[in-house]
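What follows is one structure encoded as structure tokens, with my remarks underneath.
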Amino acid sequence: MYIKIIKYLLGVAILVAFMSCGKEDNENENIFEFKLNNSYRIESTGVGFGTSNAFEPENISEFNVILTDSEIGNELTQSCCGSPWDYVINPTTEVQISFAKSKSELRSGIYTYNRNVEDNDFVISISNQMIFDRNNNLTSLNSVANSYSSNSEIRIDNAQIELLLGQVVLKLNYIIETVENNRIIGSYIGDLNSFNYKFCNADCD
């Protein structure tokens, strides 16, 4: 009788442990289940911003992604010493993600950023309200979140990205929390277009 009781209690313990593990796995999967159509949302305000296109600079060794409402041609020239940008259609918002590894080294999965960790999987920045003058000079923008900023309102404390890589299709979900607990969630699924990024190497002084 005593042995039967021990076996029963052991069985119950294993079942509880199994159910707990399953619940935790489901919770990890469910954190990225938000219904956003190629956009991001600032949770404190409920305001969303569309990022209908995704672009990849093909001449950068690390995998970089720009989620934006702009259009970029075969080449984008970085503004140099006050020179104008040459977007096909200027952006009003951009989410820029720079992974620490090349695209060939990455696999589909979950990647993390934490400001207290030296070696992170990626860094990320978000800007909106980008305004250009008639000569395509960027005159102003609003910085929403940034991995490098010293401003606690936009300084990213931690972030997670769920990445699904294809040859020309990208699926990406992300969650960002700033130091002051502002939360931003976003997603993109669609084509990933490549372009050549021409950097400014001039000495402007």
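Things to note:
- Virtual paramagnetic centre 7 Å along Cα→Cβ of residue 38, amide N under 18 Å, in region 77-91: 88-91
- Net length gained if the chain between residue 59 and residue 31 were fully extended (0.36 nm per residue, minus Cα distance): 6.7 nm
- For residue 100, net neighbour charge (Lys/Arg +1, Asp/Glu -1) across residues whose Cβ lies under 14 Å away: -2
- Estimated Rh, region 64-164: Kirkwood, alpha-carbon pairs, angstrom: 15.1
Each value in this text was obtained by applying a stated rule to the coordinates, not by laboratory testing. What you are looking at is a predicted structure, and each value in this text was computed from that prediction instead of being measured. Positions of Cβ are backbone-derived with ideal geometry, glycine not excepted, and every protein chain shown enters the neighbour counts.
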